[in-house]
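Input: a single structure, listed below in structure tokens.
We did not get these values from a lab; they are worked out from the coordinates using the rules stated. Quick caveat: nothing in here was measured; it's all calculated off a predicted structure. Neighbour counts run over all protein chains shown; Cβ positions are idealised from the backbone, glycine included.
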Amino acid sequence: MTVQENLLLGAYNVTDPATITASLERVYALFPRIAGRRKQMAGTLSGGEQQMVAIGRALMAAPKLLLLDEPSLGLAPNLVELIFETIAEIRKLGCAIMLVEQNASMALEVADFGYVLETGNVTLAGPAAELKARRDVIEAYLG
Amino acid sequence: MVPLRNWTPGSSPGMTIERERSEARRRGPLMSALNEFLQHVANGLVLGFLYALVGIGLSMVYGILRMINFAHGEILMVGAFLALPVSALGAPAWLVLLAGIAGSTLMGLVVQWAIYRPLLKSPEVTLLVASLGVSLLLQNVVLMLTSPQPKRPAPAPFLDQPFRLGEIVLRNVDIAIVVVAVAAMLATHLFLKHTRHGRALRALAQDMSAARMMGVRVPFMVMICFLIGSALAGVAGVLIGYKYGHLTPLSGFLPGLKGFVAAVIGGIGSFPGAVVGGIILGLLETFLVGYLPDALAQYRDGYVFLVLILVLLVRPSGLFGKPETVKV
Amino acid sequence: MSRTTSATLASLVALALAVWAAQTQLNPFYLQILGLLGINIIATISLNFAAGFGGMFSLGHPAFMALGGYTAAILTYPVAMKASRIPGYPDWLLQLQLPFLPALLIGGLAASFVAILVGWPVLRLRGHYLALATLGLTVIVQVAILNLVDYTRGALGLSGIPGLTNLWWITGFLVLTIYVVYRLVHSRFGRALRAVRDDYVAAQMSGVHVARTRLIGFTIAAFFAGIAGGLLGHLLRILTPGQFSFNAVFLGVAMMILGGVGSITGSILGAFIMTILPQFIIPFERGGNVLGVEVPALNGLTQIVTALILIGVMLVKPEGIAGAKEFSWQVLFGLPRAGKGSGSVRGGAGADV
């Protein structure tokens, strides 16, 4: 399916065409790189661009809460930066985000609150700023 | 095994070889080789569109459920049988067609709801066997309720008129088949490409879990899928009834299997694949029957299965399909 | 000798007595039904060997039965009738008339030969593709039989086959089949076969030659199916292409599924039910006066029942009556289980995925 079709799929449960068009524009504004590829088959995009499509697709549903599971996994470092910038942008749009990430340092840059999970148990929790300050401890945990 | 009823292949719908040959002879020795070739092409295309109609439904169901609906041909047959009384009442052909579509769609939905839906999570063999059972059940329920004698739809004189295209002779019914089939396939294509449910259906076939995360409800989509497939089968059923002039409870079986072969040739799970595969199969079958000597041409149904086996061996993913990888 | 062996021997003696009693007491109609029962059990076991233990869901066993049946029949056919009825064969064959046992075995071998030919390319397909390819084989064989009239008498059927078989022969082959299949399943080969069924990649990595194992299993199954076909031809004294049609496929699958895929005991149960049950339904199918009640001819009732059983089993208990369990003396008498081999035989409702 093309990029556009993927995005439209994200709006599956939205019935108002105006809302859909607005969401589409918002996503393309957020990810200019895929705006130019909207008729391209999504499978032919690069890893980073595919990730953008995936996130954009999730946003099409105008969610109250966005769940992101390791969005930066497997991406080149410059794309990782881009993804986190985008997450910050989404946060500014007022959408709540639950981000699961191994990349603790970058995640804490964009987050308000953080939980550290160790073999399924929450070992640390607190405002991101505090956790960042305890970075030395976290670096011990996460190396 | 000691089965109690005989089925003979070759009782499949199809002009007998003799009739085809005698028609060619009637047109006189002036009919050049080129005309014969073009005639075969025309006949093959008509047959191909019929196979395509059947194959699309099978392909779509496989795309989502990963199951081969053995009973697809029987749904075709039920649609045609339910259209028969409408035809007997003297209704115009298009109304009969609608009745057939309604009948087959209803049957498809019932079968899906009652039998396939509870088995959605079962291993593929279970679904296969269940669909075998449904096929057998439908054939024999119809047999029990009607009789083994072939039924004839009320003749539609318009459809029987010959239609000449240069030296090629068809009947109006053949043109009707092409027109209706193309219209139906076009409608399906538009649905799949430009509506949100169509998109959801395609997404479901590609990646079920991702589609579900988008809020696509699988049971509803499966129902839509069966609806479309069964409706197209009903179209094929009525068209077959008009083209060959007789219907028996076994009339759906071979079209169903050949539709499956068409879907496999094109790549099972692929809508354009089923269309292309159907046309290829129709042309192939017509050419084989047309050019082989009589003695060999009788095996027409056998050839179709040989083609199936060959395709499965050489390129099981078909023309448009993706080769399936086995996860270790 | 151990208790299980003596129990087995005792039951064999009992079986022989039962056959003798049947042979002398029952009228031909019931005898024929028992004969059919035996043949169906053999056929179901052969199917189960390939599908249940081997994971190769083949719908082609009617083709192998047809091949075995027609081959055996042609070989035992009286020379006098051969020339007029099936003139297509070369002279040396037309002059040939073999006794029952060699003809039967050659029939089985003919089926095996075709199985090797067909299996070698086809067995690499998975799941329902294999099912469809083998279904195609059934169609192709049936079409061939129909059209090669000079060799098979086509749709008219090959009648007048000498009635060289009886309940003794059938029972004998039945016991042989059960014994051979049982020993095979519990052998090294059987373990390899089941490993290929369950996880062919893991099996391959353990050194099992997947393609060859499957082919051998498939061929053995075809052999017994061919034997069953030969027995059938000589029991009914007629063979027609219609006997090896899709209905045969459905019936075979129903017998196997009902009893339990991957269980010899299940095959016996399934074949038993599906052979005896239709006998009660046929009177209703023909219509007329049944038990004092006027019944219209309900065509296709047996098939409907078969279909309902197929669907019902899938919906309710897909593993069949016996599941994957086998009958064992130990279970029956509460004896302690022997150490090796008791747990690992279990089959599964699996075609390879």
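What to note about this one:
- Cut-off 19 Å (backbone N to label point 7 Å along Cα→Cβ of B:Met208), residues of region B:242-272: B:268-271
- Each residue of region B:274-285 is assigned a 3J(HN,Hα), and the resulting list reads 5, 5, 5, x, x, 5, 4, 5, x, 5, 4, 4 Hz, derived from the Karplus form 6.51 cos²θ - 1.76 cosθ + 1.60 (θ = phi - 60°), x at Gly and Pro.
- For region A:7-52 and region C:53-100, distance of Cα centres in Å: 66 Å
- Rounded, prolate or oblate (a/c below 1.5 giving rounded, otherwise prolate when a/b exceeds b/c) for region B:272-321 by Cα gyration tensor: oblate
- Summed side-chain charge close to C:Val118 - residues other than C:Val118 whose Cβ falls under 15 Å, Lys, Arg +1, Asp, Glu -1: +2
- Chain C shape via C-alpha gyration tensor axes, a/c threshold 1.5: rounded
- Neighbour counts of other Cβ atoms within 10 Å put C:Met56, A:Met98, A:Met106, A:Met52 in the fewest-to-most order A:Met98, A:Met106, A:Met52, C:Met56.
- Theoretical FRET efficiency, 1/(1+(r/R0)^6), r = Cβ-Cβ of B:Ala33 and B:Leu296, R0 22 Å, to 0.05: 0.70
- Within region B:173-228, the percentage of alpha carbon pairs spaced more than 16 angstrom apart rounds to 47%.
- Cα long-axis angle, helix B:17-26 against chain B (0 to 90 degrees, to the nearest 10): 40 degrees
- Computed over the alpha carbons of region C:151-251, Rg followed by Dmax gives 17.8, 53 Å.
- Each residue in A:Glu70, B:Glu285, A:Glu5 was given a count of other beta-carbon atoms within 10 angstrom of its own, and listing them fewest first yields A:Glu70, A:Glu5, B:Glu285.
- Part-to-part distance (alpha-carbon centres) for region B:52-72 and region C:18-47, which is given in Å: 41 Å
- Relative contact order of region B:253-328, defined on C-alpha pairs under 8 angstrom at six or more residues apart (%): 37 percent
- Each 10 Å bin from zero up to the one holding the largest Cα-Cα distance in region B:133-172 carries the following percent of pairs: 23, 26, 20, 23, 7.
- Chain B, relative contact order [Cα under 8 Å, separation at least 6], %: 33 percent
- Across all C-alpha atoms in region C:83-206, the radius of gyration and Dmax reach 19.1, 57 Å.
- Shape of chain B from the C-alpha gyration tensor: prolate (a/c of 1.5 or more and a/b above b/c, with a ≥ b ≥ c the square roots of its eigenvalues).
- Rounded to the nearest 0.05, the FRET efficiency derived from the C-beta distance between A:Ser46 and A:Tyr115 at R0 = 35 Å is 0.65.
- Remark: mean inter-chain Cβ contacts per residue of B:303-314 equal 5, using a 10 Å Cβ-Cβ cutoff to other protein chain atoms.
- Relative contact order [Cα under 8 Å, 6+ residues apart], region B:96-225, whole percent: 14 percent
- Annotation: the residues B:Tyr242, C:Tyr30, B:Tyr51, sorted from fewest to most other C-beta atoms within 10 Å of their own C-beta, follow the order C:Tyr30, B:Tyr242, B:Tyr51.
- Compactness of the protein assembly as shown is given as radius of gyration and Dmax, 31.0, 104 Å, from Cα positions.
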